[in-house]
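Colleague: Pasting a structure below so you can have a look.
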Amino acid sequence: MITNFENITFELTADEKKLMPVIIKGLSTKTKDNPIKAAYIVNAINENKDRYGIKVFSEPRLRKIINFIRSEGILPVMGTTNGYYVTNDRADLESQIESLTQRAEAIMTSANGLKKFL
């Protein structure tokens, strides 16, 4: 859970864990040539929320699931401005790792800047 974002970064619920295989299966069909946007995934789940046992699904919760899938090494999910897709292409994986590293470094730079006010 992330401070100041507790309402969207709490641990995966049992229902979200049950939803994970559906998301993994759907993502497995997506390539660089046919990525899927987060909004489309969220809308599809919300339209079938009774089927999946989800009250309301959101993009932050999808990101939480994607983070879990990546962190556990379940599926090599890429996230770009074009959407999510799966690849084993080394260059794509290296690019995604670099992107994640750059974002983490940018966040640390901001945190360090705020420390100057303490």
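The values are calculated or read from the model by the stated rules, or taken from the named source; none is laboratory data. Since the model is a prediction, treat every value here as computed from it, not as a measurement. Here the Cβ positions follow ideal geometry from the backbone for every residue, glycine too, while neighbour counts run over all protein chains shown.
Colleague: So if I check each of Val56, Val42, which one is free of Cβ contacts under 8 Å to residues at least 24 places away in the same chain and closer than 26 Å to Leu100 by Cα? Break it down stepwise before answering.
Modeller: On the way: Val56 fails: closer than 26 Å to Leu100 by Cα.
None of the other options fit; the residue is Val42.
Colleague: Please determine whether any residue of segment 93-106 is at pLDDT 95 or above, more than 25 Å from Leu12 (Cβ to Cβ) and assigned by TED's automatic domain parsing to the domain that holds Lys17.
Modeller: No, the conditions are met nowhere in segment 93-106.
Colleague: Across segment 53-79, which residue is surrounded by the most Cβ atoms within 10 Å (Cβ to Cβ) among those that are more than 11 Å from the chain's Cα centre (by Cα) and at pLDDT 95 or above?
Modeller: Only one residue fits best here, namely Pro76.
Colleague: Condition first: of a type in the set (Lys, Arg) and surrounded by 12 or more Cβ atoms within 10 Å (Cβ to Cβ). Now tell me which residues in segment 7-46 satisfy that.
Modeller: Passing the criteria: Lys17, Lys18, Lys30, Lys32, Lys37.
Colleague: Output yes when any residue across segment 23-38 is at pLDDT below 85, closer than 18 Å to Arg70 by Cβ and in a helix (DSSP H, G or I), and no when none is.
Modeller: no
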